[in-house]
Each structure stands twice: as C-alpha cells, then as structure tokens.
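Chemist: Quick one: the structure is below, and I'll ask about it shortly.
The values are calculated or read from the model by the stated rules, or taken from the named source; none is laboratory data. Since the model is a prediction, treat every value here as computed from it, not as a measurement. No Cβ is skipped: glycine too gets one built from the backbone with ideal geometry, and neighbour counts run over all protein chains shown.
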Amino acid sequence: MPRRPVLALIAALVALAFLAGPPLATARLPAEYVGSYTWSRDEAAFGGLSGLELGDDGLSFAAISDRGTLYSGRLTRDAEGAVIAVETSGPRPIPGPDGRRLRGSESDAEGLALGPDSRLYISFEGTHRVGAFTAPNGPAAWLPRPDAFRRLQVNSGLEALAIDAEGRLYTLPERSGRRGRPFPVWRFDGSGWEQAFTLPRDGDFVPTGADFGPDGRLYLLEREFKGLFGFRSRVSRFEIGPAGPGRRELLLQTHGPWHDNLEGLAVWADSTGAIHLTMISDDNFNPLQRSEIVDYRLR
C-alpha cells in the first residue's frame with residue numbers, strides 16, 4: 001500500500017480510539033484510568049521521551065529523550081490526579097565524562113532512576129551501559145560495563161532502570177534473544193553488576209520501563225507493537241525476595257491504539273496512600289505519534 005494511505009489509515013485508527021472514550025483495559029484489573037496529557041513544545045529537539053522519574057508527591061519530575069537530552073520541572077494535576085500542565089527547564093544535553101554532549105549511539109538514553117541522594121542514573125542502548133550523574137549538568141561517571149552488556153542486541157539494550165530502597169540499581173534489556181527466553185535482570189550493588197534473577201517473557205510483550213514503588217515491589221511496564229493497530233501496554237508488579245521475584249501480578253493491560261508508545265514508568269503514592277502509575281510515551285519524532293503523560297491509579 002502506498003505510504004500516504006497507510007499513514008492516513010493509522011491516523012484514522014488513532015482518531016477512532018479517542019472517539020471511543022476511555023481506554024479499553026482488561027476487566028477486573030486493579031489499575032483505574034485517571035487521564036492523559038499530550039505534552040508538546042515548539043522545538044525540533046523535543047520528542048523521543050523514554051524515561052521518567054517523579055518526586056514523592058508526583059509533581060516534580062525528570063524525563064530523558066533518546067537523543068541525549070534531559071528535561072526537569074513540575075507537573076500540575078487536577079483534583080482527580082490527572083496531569084493538566086507541565087512546567088519545565090531544558091532540554092539540557094546529557095554530558096559524557098569529559099563534559100561534552102553525548103552524540104551518536106552513545107546518546108540513546110532509555111532508562112532513568114533517581115537515587116536517595118538525588119543522583120540520577122541513566123541507562124543507554126546503542127553503547128549499552130549505565131551512567132551516574134551527581135548534578136543535572138554534571139559529567140557522567142560510567143558504571144562498570146560487564147561483558148553481558150556488550151553482547152546485547154543492537155537497538156534492544158538496557159531499556160529499563162530502577163533503584164530499590166537500599167540504593168541498588170536494577171536493569172534489563174528490551175530483548176531476551178528469543179521468544180520464550182526470560183529477560184535477565186542485572187543488579188548493581190555499588191561495585192559491580194550481577195545477574196540477580198530473570199523475569200518471564202510472555203508472547204510479544206517486551207520491557208520498556210521499570211520502577212520500585214512505595215510498597216517496595218518492582219513494577220514493570222511492557223509494550224507490544226501491533227502494526228496498524230498501534231501499541232498495547234501493560235504494567236505488572238513483583239515481590240522481590242531472597243529467592244528472586246514472586247508471581248506476576250497484572251495491574252493493567254490496554255487494547256487498541258488508545259495510548260502511544262509508553263516507555264517510561266514512575267510509581268508514587270498520593271496523600272491517601274493510593275498508588276499511582278504515571279507513564280510517558282516516546283513519539284519516535286514521528287508527527288503521527290504524540291508525547292503523552294498517562295496516569296492510572298490502583299483501586
């Protein structure tokens with residue numbers, strides 16, 4: 001089919017999804033849709049948002065783009081908790097160890113985690129590794145890069161990054177190597193990486209984001225690309241014990257093209273103790289896609 005009719009069909013499907021009302025999600029799951037906000041800026045560099053971190057109040061934020069830029073600022077929410085406005089500084093280029101902007105394959109930032117000391121950690125694919133940043137404008141300090149990272153597939157590297165209450169980093173790749181093979185999860189204890197456990201691979205869903213919630217559990221965002229029918233998204237959580245993860249608890253699973261390409265996940269609790277899932281989408285710098293911030297609340 002010629003390119004223009006294909007693009008028109010995609011746009012029509014997305015429009016129909018919006019006209020249909022709230023997103024279709026599997027019944028009886030705990031996550032309740034709160035709202036979506038399309039974030040736009042009049043600058044060529046804006047887009048490709050692939051990682052998100054929020055403060056404890058769900059308002060202060062940091063976000064990264066897969067072209068090596070960092071945004072930080074504050075969200076405004078309505079009474080239901082949905083984002084209605086974004087104030088931001090940036091974009092600021094993510095610097096390498098020499099203070100110069102990362103470029104090319106080194107700049108593909110994917111996962112974001114905020115340490116208890118306010119240090120930012122960013123995982124990259126292309127050149128698969130993790131950097132630590134003591135200040136938003138400060139140079140990167142690369143963490144050790146094990147051989148396992150070097151063997152990851154091209155454009156399918158360290159997609160998700162999370163930090164637990166003990167300050168230990170966890171990361172996993174977008175691809176496991178083949179269907180049916182679980183995803184390896186590596187943990188950094190301050191001196192080196194080890195494979196701590198694996199998470200099951202289920203069909204064509206692949207990881208795009210992760211976070212530890214205020215309940216201490218690991219939350220995992222995954223997506224499945226359905227071609228003309230857009231992206232399906234789901235969020236699961238796992239208890240992480242000495243023997244590794246417990247069973248998967250499925251919290252959310254969408255159907256159809258309601259949401260865009262959700263890649264970043266932040267988990268936080270409001271003043272009542274209710275847990276919220278806030279996600280951000282990567283528009284791939286494609287005018288038919290959008291950068292959106294999506295909110296769900298656990299019942």
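Chemist: Here is a check on your reading of the model: is S291 touching a residue at least 60 places away in the same chain (Cβ under 8 Å) and buried (at least 20 other Cβ atoms within 10 Å of the Cβ)?
Modeler: yes
Chemist: Among E87, E43, E106, which is at pLDDT below 95 and either farther than 30 Å from E166 by Cα or basic (K, R) (or both)?
Modeler: When all the criteria are applied, what remains is E43.
Chemist: Further, regarding this structure: Taking the residues in the stretch 263-297 that are charged (D, E, K, R) and part of a loop (DSSP other than H, G, I, E, B) as candidates, determine which candidate is farthest from D108 (Cα to Cα).
Modeler: Going through the qualifying residues, I end up with D270.
Chemist: Sticking with this structure for a sec: Kindly indicate whether any position in the stretch 129-144 is among the hydrophobic types (A, V, I, L, M, F, W, C) and either closer than 17 Å to M279 by Cα or in contact with a helix residue (DSSP H, G or I) (Cβ under 7 Å, 6 or more places away or on another chain) (or both).
Modeler: No.
Chemist: Is there any pair with a first residue in the stretch 254-269 that is more than 15 Å from S36 (Cβ to Cβ) and a second that is surrounded by fewer than 24 Cβ atoms within 10 Å (Cβ to Cβ) and polar (S, T, N, Q) whose Cβ atoms are under 8 Å apart and which are 6 or more apart or on different chains, and what are they?
Modeler: As it stands, the answer is H255/T26, since those pairs meet every condition given.
Chemist: Restricting to the stretch 250-275, name every residue that is over 14 Å from R232 (Cα atoms) and touching a Gly at 6+ places or on another chain (Cβ under 9 Å).
Modeler: G264, L265, A266, V267, W268, A269, D270, A274, I275 - these are the residues of the stretch 250-275 that are over 14 Å from R232 (Cα atoms) and touching a Gly at 6+ places or on another chain (Cβ under 9 Å).
Chemist: Any residue at all in the stretch 26-40 that is small (G, A, S) and either at pLDDT below 90 or in a helix (DSSP H, G or I) (or both)?
Modeler: Yes: the stretch 26-40 contains one or more residues that are small (G, A, S) and either at pLDDT below 90 or in a helix (DSSP H, G or I) (or both).
Chemist: So which residues in the stretch 234-260 are at pLDDT below 95 and closer than 17 Å to S50 by Cβ?
Modeler: The answer is H259, D260.
Yes/no matrix, rows are residues, columns are (1) within 19 Å of the chain's Cα centre (by Cα); (2) of a type outside the set (A, V, I, L, M); (3) in a loop (DSSP other than H, G, I, E, B):
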{"site": "D98", "(1), (2), (3)": "no, yes, yes"}
{"site": "E106", "(1), (2), (3)": "yes, yes, no"}
{"site": "E110", "(1), (2), (3)": "yes, yes, no"}
{"site": "A113", "(1), (2), (3)": "yes, no, no"}
{"site": "D117", "(1), (2), (3)": "no, yes, yes"}
{"site": "S123", "(1), (2), (3)": "yes, yes, no"}
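Chemist: Would you point out which residue out of R201, R187 is out of contact with any helix residue (DSSP H, G or I) (no Cβ under 7 Å at 6 or more places or on another chain) and assigned to a loop (DSSP other than H, G, I, E, B)?
Modeler: Answer to the selection: R201.
Chemist: If a residue has to be in contact with a Phe, Trp or Tyr (Cβ under 8 Å, 6 or more places away or on another chain), free of Cβ contacts under 8 Å to residues at least 60 places away in the same chain, part of a strand (DSSP E or B) and of a type in the set (A, V, I, L, M, F, W, C) to count, how many in the stretch 142-181 make the cut?
Modeler: Total meeting the criteria: 5.
Chemist: Can you tell me which residues in the stretch 88-101 are out of contact with any Pro (no Cβ under 7 Å at 6 or more places or on another chain) and surrounded by 11 or more Cβ atoms within 10 Å (Cβ to Cβ)?
Modeler: T88, S89, G90, P91, P93, I94, listed by residue number.
Chemist: For G47, only one of the following conditions fails: (1) over 22 Å from R299 (Cβ atoms); (2) touching an Asp or Glu at 6+ places or on another chain (Cβ under 8 Å); (3) not in a loop (DSSP other than H, G, I, E, B). What is its number?
Modeler: So G47 meets the others, but not (3).
Chemist: Which of the residues belonging to the stretch 136-175 are on the phi > 0 side of the Ramachandran plot and of a type in the set (G, A, S)?
Modeler: Answer for the stretch 136-175, where residues must be on the phi > 0 side of the Ramachandran plot and of a type in the set (G, A, S): just G167.
Chemist: Only one residue in A82, A62 is under 25 Å from P207 (Cβ atoms), aliphatic (A, V, I, L, M) and modelled with pLDDT of 95 or more, so which one is that?
Modeler: Going through A82, A62 in turn, just one is under 25 Å from P207 (Cβ atoms), aliphatic (A, V, I, L, M) and modelled with pLDDT of 95 or more: A62.
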